[in-house]
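The values are calculated or read from the model by the stated rules, or taken from the named source; none is laboratory data. Keep in mind the model is a prediction, meaning the values are calculated, not measured. Here the Cβ positions follow ideal geometry from the backbone for every residue, glycine too, while neighbour counts run over all protein chains shown. We work out accessible area using only protein heavy atoms, side chains counted, and drop any ligands, DNA or RNA first. Shrake-Rupley method; radii C 1.70, N 1.55, O 1.52, S 1.80 Å.
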Amino acid sequence: MDIKQINSAIIAGSWTAQDLDSMQDAIKYARSRTARLNAVVFHSGDSVKITHVKLGGTVLGTIRKIKIKKADVFIPSKNVTDTVPLSMLEAA
């Protein structure tokens, strides 16, 4: 099952509030797990790729500092250091 099928099933389904809360908890857990894994994988100075609508799509950056759930990432194209959730980072 791909993400489009999952999204369609969620939209078309007649879910109870309890069902939706359960889905939300599963998503939060998955994000938390990804953040924990990325905290171990990435280090200061690593080049990363960040994809987000507010950043205008995909941008490249360099990690300045790893925090518990976020990282300070220098984005040269915008000449700023932004705090980004670890779950949003991918190796560049």
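Ile68 passes every criterion in (1) of a type in the set (A, V, I, L, M, F, W, C); (2) touching a Lys or Arg at 6+ places or on another chain (Cβ under 9 Å); (3) loosely packed, with under 10 Cβ neighbours inside 10 Å apart from (2). Residues in the stretch 6-24 that are part of a helix (DSSP H, G or I), open to solvent by less than 100 Å² (accessible area, probe 1.4 Å) and not small (Gly, Ala, Ser): 8 in all. When the stretch 43-59 is filtered for residues that are surrounded by 11 or more Cβ atoms within 10 Å (Cβ to Cβ) and within 14 Å of the chain's Cα centre (by Cα), the ones remaining, listed by number, are Val48, Lys49, Ile50, Thr51, His52, Leu55, Thr58, Val59. Of all residues in the stretch 71-92, exactly one satisfies the criterion of being open to solvent by 80 Å² or more (accessible area, probe 1.4 Å) and either part of a strand (DSSP E or B) or modelled with pLDDT of 95 or more (or both), namely Glu90.
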